[in-house]
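The structure appears right after this line, and notes come after that.
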Protein chains: 2
Amino acid sequence: MTEVNVREKVLAANASAARGLRASFRDSGTLVVNLISSPGSGKTTLLEATARELRTRLRLGGLDGDIATDRDAQRLRDAGIPARQILTGGACHLDARQIEAALAEEGERLAGLDVLLIENVGNLICPTSYDLGEDFKVALLSVTEGDDKPFKYPAIFARAAVTVLTKADLLPHVDFDLDAVASQIAALNPSARVLVVSARTGEGMDAWYALLEESLAEKRTAVAVAAAAVPA
Amino acid sequence: MTEVNVREKVLAANASAARGLRASFRDSGTLVVNLISSPGSGKTTLLEATARELRTRLRLGGLDGDIATDRDAQRLRDAGIPARQILTGGACHLDARQIEAALAEEGERLAGLDVLLIENVGNLICPTSYDLGEDFKVALLSVTEGDDKPFKYPAIFARAAVTVLTKADLLPHVDFDLDAVASQIAALNPSARVLVVSARTGEGMDAWYALLEESLAEKRTAVAVAAAAVPA
């Protein structure tokens, strides 16, 4: 079996598990977002702020993928939501079977959530191909990483429904052309939404919270409409 | 053949090519460094400054790995040194056969260099396992990425002889504990050298230039001693 065959087989097994997850998340009415970025772009910091803001009105939970350490899940638990660390055994991405296993082991703590926040391994490349049953992918790019990144890592920006540009509080101190980045993302993915936020100052965060709440409402409406259309 | 077998086979083929490269770089007395970091940590910016500083006294060349765009090699050429872009066809790392092929195709332009600067694909995980025949690996971590990264991505910090902490000009604007990072690196790799630099302001860059020049001198001395020890 060649390297290409093995990769196809791995992706096919992942896709099968992802289909099962997606059906389960539809049944439970859970919005699932899969956050993907380089290490240090601010995924955990965004999710800590999200947990603190939304936990009083929504039931949230987190799954955090990493090569090593369980620090990120601990940070989300400290922010008041249930969260589980998934150590990938060296792999540079989460796969759908790891999500299945983690949810099964957590049982009630991560069942029936309104929103499941999946923080992928810090990597702009590997996680792109692995469907985790999510409603949509969110790419994060911090303004300190440079404004050439969408065209250098096109796959993730083409596939992410939402790109969040983070650390906006550092914009005065770096060379980062927001318009250039927005143009690159629009070229790769004309329907993508682009948000500019600072989790540290709170700038732009309301739009992110609103996006999650609106996406959850839309999903539940769509599921209800589909259920009503099925003859009894 | 399983996924693990395929990976072992790929790494064995890479190791064989890397041995050939290392012998060739020894014969030519070329110091080779393999720079590895997340996207946006400042690899190209460090190399642009290095090219401008050292090109008048050393013969430098660059190889730049990316998924897409040839922007980085162009930036090094604009900084006055020969450089070639290697597009990896989606792979998240360079491999030794790509280095071989690029050097063969460039011919004289990248032959007999004093220092070959290899800028790997932006990724803290995948490039770690692929020997490119280099003298040593250099990990870069920008101070905006957070001070928890060495323990979260231990393999690269354990294997890099040198870690360069970049964007030091942004230290006043971020929470980044230099001592904590130095302690993590020391735990993973007691002999590692850690430099703190800003390519933008020039802070700390002299130590980086000196490290390259001293490493080149040491390599040439070692090669000369080894040659003298061989009976005619």
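The values are calculated or read from the model by the stated rules, or taken from the named source; none is laboratory data. This is a predicted model, so every value here is computed, not measured. Every residue, glycine as well, gets a Cβ built from its backbone with ideal geometry; the counts of neighbours run over all protein chains shown.
Going by the structure shown, is A:Leu94 in contact with a Gly (Cβ under 6 Å, 6 or more places away or on another chain) and either under 14 Å from A:Thr44 (Cβ atoms) or surrounded by fewer than 16 Cβ atoms within 10 Å (Cβ to Cβ) (or both)? Against the criterion (in contact with a Gly (Cβ under 6 Å, 6 or more places away or on another chain) and either under 14 Å from A:Thr44 (Cβ atoms) or surrounded by fewer than 16 Cβ atoms within 10 Å (Cβ to Cβ) (or both)), A:Leu94 does not qualify. The C-beta contact set for segment A:82-99 (first residue in contact (Cβ under 8 Å) with a residue 40 or more places away in the chain and within 24 Å of A:Ala51 (Cβ to Cβ), second residue part of a loop (DSSP other than H, G, I, E, B) and among the small types (Gly, Ala, Ser), distance under 7 angstrom, 6+ apart or interchain) comprises A:Ala96/A:Gly133; A:Ile99/A:Gly133.
Taken over segment B:30-43, the residue count meeting the criterion of being out of contact with any Gly (no Cβ under 8 Å at 6 or more places or on another chain) and closer than 14 Å to B:Leu116 by Cα is 4.
Identify, from the list B:Arg26, B:Arg77, the residue that is basic (Lys, Arg), surrounded by fewer than 22 Cβ atoms within 10 Å (Cβ to Cβ) and in contact with a strand residue (DSSP E or B) (Cβ under 8 Å, 6 or more places away or on another chain).
The unique qualifying residue is B:Arg77.
Taking the criterion of being more than 14 Å from chain A (Cβ to nearest Cβ) and either small (Gly, Ala, Ser) or touching a Phe, Trp or Tyr at 6+ places or on another chain (Cβ under 8 Å) (or both), the residues of segment B:82-133 that qualify are B:Ala83, B:Ala96, B:Ala101, B:Ala102, B:Ala104, B:Gly107, B:Ala111, B:Gly112, B:Leu116, B:Gly133. The condition (being modelled with pLDDT of 95 or more, within 19 Å of the chain's Cα centre (by Cα) and in a helix (DSSP H, G or I)) is satisfied by just one residue among A:Ala182, A:Ala199, A:Ala210, A:Ala186: A:Ala210. Taking every residue in segment B:31-52 that is within 14 Å of another protein chain (Cβ to nearest Cβ) and modelled with pLDDT of 95 or more and pairing it with any residue that is surrounded by fewer than 24 Cβ atoms within 10 Å (Cβ to Cβ) and in a strand (DSSP E or B), at least 6 positions away or on another chain, the pairs with Cβ-Cβ distances below 8 Å are B:Ile36/B:Lys137. Does any residue of segment B:109-120 turn out to be of a type outside the set (A, V, I, L, M) and buried (at least 21 other Cβ atoms within 10 Å of the Cβ)? Yes; the residues of segment B:109-120 include at least one that is of a type outside the set (A, V, I, L, M) and buried (at least 21 other Cβ atoms within 10 Å of the Cβ).
Tell me whether segment A:27-47 contains one or more residues that are part of a loop (DSSP other than H, G, I, E, B) and aliphatic (A, V, I, L, M).
No, there is no match, as no residue in segment A:27-47 is part of a loop (DSSP other than H, G, I, E, B) and aliphatic (A, V, I, L, M).
Condition first: in contact (Cβ under 8 Å) with a residue 40 or more places away in the chain and not polar (S, T, N, Q). Now tell me which residues in segment A:208-232 satisfy that.
A:Trp208, A:Tyr209, A:Leu211, A:Leu212, A:Glu213, A:Leu216, A:Lys219, A:Arg220, A:Val223
Would you confirm, using the coordinates I've provided, whether A:Thr69 is surrounded by 24 or more Cβ atoms within 10 Å (Cβ to Cβ) and either within 13 Å of chain B (Cβ to nearest Cβ) or in contact (Cβ under 8 Å) with a residue 60 or more places away in the chain (or both)? So A:Thr69 does not fit the description; no.
When segment B:153-176 is examined, which residues are found to be touching a strand residue (DSSP E or B) at 6+ places or on another chain (Cβ under 6 Å) and charged (D, E, K, R)? If you could, list the steps in order and put the result at the bottom.
Start the filter on segment B:153-176 by keeping residues that are touching a strand residue (DSSP E or B) at 6+ places or on another chain (Cβ under 6 Å), which leaves B:156-157, B:159-168.
Across segment B:153-176, the qualifying residues are B:Arg159, B:Lys167.
Can you give me the number of residues within segment B:105-141 that are within 22 Å of B:Leu54 (Cβ to Cβ) and touching a residue at least 60 places away in the same chain (Cβ under 8 Å)?
19
Taken over segment B:109-131, the criterion of being closer than 20 Å to A:Asn123 by Cβ and assigned to a loop (DSSP other than H, G, I, E, B) is satisfied by B:Asn120, B:Val121, B:Gly122, B:Asn123, B:Leu124, B:Ile125, B:Tyr130. Is one or more of the residues making up segment A:59-75 at positive phi, among the hydroxyl-bearing types (Ser, Thr, Tyr) and outside any strand (DSSP E or B)? For segment A:59-75, residues at positive phi, among the hydroxyl-bearing types (Ser, Thr, Tyr) and outside any strand (DSSP E or B): present.
Among the residues that make up segment B:2-15, is at least one of them facing chain A (nearest Cβ under 10 Å), among the hydroxyl-bearing types (Ser, Thr, Tyr) and in contact (Cβ under 8 Å) with a residue 24 or more places away in the chain? No; the residues of segment B:2-15 include none that is facing chain A (nearest Cβ under 10 Å), among the hydroxyl-bearing types (Ser, Thr, Tyr) and in contact (Cβ under 8 Å) with a residue 24 or more places away in the chain.
Looking across segment A:136-179, not a single residue is more than 13 Å from chain B (Cβ to nearest Cβ), touching a helix residue (DSSP H, G or I) at 6+ places or on another chain (Cβ under 6 Å) and assigned to a loop (DSSP other than H, G, I, E, B).
Please give the number of the condition A:Leu87 fails out of (1) touching a helix residue (DSSP H, G or I) at 6+ places or on another chain (Cβ under 8 Å); (2) more than 24 Å from A:Ser28 (Cβ to Cβ); (3) modelled with pLDDT of 95 or more. With (1) touching a helix residue (DSSP H, G or I) at 6+ places or on another chain (Cβ under 8 Å); (2) more than 24 Å from A:Ser28 (Cβ to Cβ); (3) modelled with pLDDT of 95 or more applied to A:Leu87, the lone miss is (1). Can you confirm whether B:Thr56 is within 20 Å of B:Met205 (Cβ to Cβ) and part of a loop (DSSP other than H, G, I, E, B)? The answer is yes for B:Thr56.
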